[in-house]
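Right, one structure below, let's go through it.
The values are calculated or read from the model by the stated rules, or taken from the named source; none is laboratory data. Keep in mind that this is a model prediction, so the values were computed, not measured. Because the Cβ atoms are built from the backbone with ideal geometry, glycine has one as well, and the counts that use them run over all protein chains shown. Accessible surface is based on the protein model in full, side chains and every heavy atom, while ligands, DNA and RNA are left aside. Shrake-Rupley method; radii C 1.70, N 1.55, O 1.52, S 1.80 Å.
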Amino acid sequence: LFFSCFLVISSFSVEPIYSYMPDIRYHSVKELHDLYEKLLDFDVIHIRFRLNSDRNHMIMQKLESKPPTQLIMATIAAIQGYLDHKELAKHLLIPLIDKKKTLIFDRYYYDEQAFKNVYGAPNFLLKMLYRKEKDTDIGFLIKISSDECIKRNCLRPDSKIPIYQSRTTIDSLSNYFDCIAKRKNLITIDGLLPEDKIAKLVNEQICEFESKR
């Protein structure tokens, strides 16, 4: 998971995608083009790795209503999620990067791989789909225990989704993210720390990274 911290870049104009798409969903390519035009006014954009298309939204509604390990449905969802990302990258992410904008991702393809794998999509398929995807310049895993995760999930609007109620599933996700953090050299931070402390640690790491560039 990627923490959104703007303290280090406070002299720049910053905008979250949630200002325009609070439900993280788009209905047409034209919407992506319109979003691109709006975000051009900002230096730093807080964004998701992908947005949900209408088709993906319908698939996920079916998948989330069932217990994990739904091989066929999870595989369909994984492929559609990848297609959504490619469309987003083509019409929004790559054009913004070409304009020298800084993108801060809330989640990245690591999250997509972890969740779809727990839902039942084969790991080899997920690795193949994202094999050419670039890693982030700097990434963070804000980590909490499975017990704390389950406690926080109870406060979610979608808390009744089976995957958020299963201790086994939460443990599997946690293990998957630990493996990704090691493989991708993510900086792990204790998610139980106060928000200002987490922000400070993220700030320090970003400043150190920038000083070495």
message: Run the numbers for TYR20 and GLU148: contour at 0.36 nm per residue of separation, minus the present Cα-Cα distance, in nm.
response: 43.0 nm
- prompt: How much length, in nm to one decimal, is gained on full extension between ASN175 and GLU204, taken as 0.36 nm per residue of separation minus their Cα-Cα distance?
  reply: 7.8 nm
message: Please compute the length gained on full extension between SER13 and ASP190, using 0.36 nm multiplied by the number of residues separating them and subtracting their Cα-Cα distance.
response: 60.9 nm
task: If a/c stays under 1.5 just call it rounded; otherwise compare a/b with b/c (prolate if a/b is bigger, oblate if not). Do that for the chain, with a ≥ b ≥ c from the square roots of the Cα gyration tensor eigenvalues.
output: oblate
task: Taking only protein heavy atoms into account and a 1.4 Å probe, give the accessible area per residue of region 89-208 in Å².
output: 56
- request: Please sort 204-211, 155-162, 83-90, 20-27 by packing, taking for each peptide the average over its residues of neighbouring beta carbons within 10 angstrom, highest first.
  value: 83-90, 20-27, 204-211, 155-162
task: On the protein heavy atoms, probe 1.4 angstrom, tell me the percent of accessible surface of the chain carried by carbon and sulfur.
output: 55
